[in-house]
1. Given the conditions (1) assigned to a helix (DSSP H, G or I); (2) loosely packed, with under 10 Cβ neighbours inside 10 Å, and given that GLY68 satisfies all but one, which numbered condition is not satisfied?
2. Scan the range 95-116 and give yes if some residue there is part of a helix (DSSP H, G or I), in contact with a helix residue (DSSP H, G or I) (Cβ under 9 Å, 6 or more places away or on another chain), charged (D, E, K, R) and in contact (Cβ under 8 Å) with a residue 60 or more places away in the chain, otherwise no.
3. How do the pairs read when you match residues in the range 49-60 that are over 14 Å from ASP73 (Cα atoms) with residues anywhere that are of a type in the set (Ser, Thr, Tyr), using Cβ under 7 Å and keeping only pairs 6 or more apart or on different chains?
4. What about GLN88, is it touching a helix residue (DSSP H, G or I) at 6+ places or on another chain (Cβ under 9 Å), among the polar types (S, T, N, Q), at pLDDT 80 or above and within 23 Å of ALA56 (Cα to Cα)?
5. Please work out which one of (1) touching a Lys or Arg at 6+ places or on another chain (Cβ under 6 Å); (2) loosely packed, with under 13 Cβ neighbours inside 10 Å; (3) among the β-branched types (Val, Ile, Thr) is the condition ILE28 fails and give its number.
6. Quickly run through the range 47-63 and pick out the residues that are under 16 Å from the mean Cα position of the chain (by Cα) and part of a helix (DSSP H, G or I).
7. Check THR107 against each of (1) more than 19 Å from ARG38 (Cβ to Cβ); (2) modelled with pLDDT under 90; (3) of a type in the set (S, T, N, Q) and name the one condition it does not meet.
8. Among the residues that make up the range 25-45, is at least one of them free of Cβ contacts under 8 Å to residues at least 24 places away in the same chain and over 19 Å from the mean Cα position of the chain (by Cα)?
Amino acid sequence: MTLALLLVLFLVVLFLIMVGSAWFVNVIARHYIGNKHRDLEAILNSGQIPKQWTEAFDKKIKALENKGGRDNDISRVRVQAEKKYARQLDHLMKYTKTTRLVEDEKTRNLLLTRLKTLRQQNFEEKIEGKMNES
């Protein structure tokens, strides 16, 4: 009797672990994919780097400016931001090329064009800024 009860208890616990694991994986996947699609939509609509990406760096720069931080420190944070934005744009381009969650090839090409344009604009602005400083 106790052996049968232990077996039933084990099966119930195993079932609950499986259901919980499936739910957790679903939540993580939805979050991971949802963030990418939210970023793609923001870029498509505005043609700008998404605010979610820039908020943390903007706060750091503003804090440095308020503290009277050196220009060197502020420039270092800006360079870190630019590198991160470029890396995130590269990841989004790679995702857009490989995902099956894009409506059709026309949409995929539009997204890739916008991402490449945004990356080139940021790179060109950085180059022009350095040339003007010289």
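The values are calculated or read from the model by the stated rules, or taken from the named source; none is laboratory data. Nothing here was measured: the structure is a model prediction, and the numbers come from that model. Heads up, the Cβs are rebuilt from the backbone with ideal geometry, glycines too, and the neighbour counts pull from every protein chain shown.
1. (1)
2. Yes, the range 95-116 contains at least one residue that is part of a helix (DSSP H, G or I), in contact with a helix residue (DSSP H, G or I) (Cβ under 9 Å, 6 or more places away or on another chain), charged (D, E, K, R) and in contact (Cβ under 8 Å) with a residue 60 or more places away in the chain.
3. Qualifying pairs under 7 Å: ILE49/TYR85; TRP53/TYR85.
4. yes
5. Only one criterion is unmet by ILE28, namely (1).
6. LYS51, GLN52, TRP53, THR54, GLU55, ALA56, PHE57
7. Going through the list (1) more than 19 Å from ARG38 (Cβ to Cβ); (2) modelled with pLDDT under 90; (3) of a type in the set (S, T, N, Q), THR107 breaks only (1).
8. Checked against the condition, which is being free of Cβ contacts under 8 Å to residues at least 24 places away in the same chain and over 19 Å from the mean Cα position of the chain (by Cα), the range 25-45 yields no hits at all.
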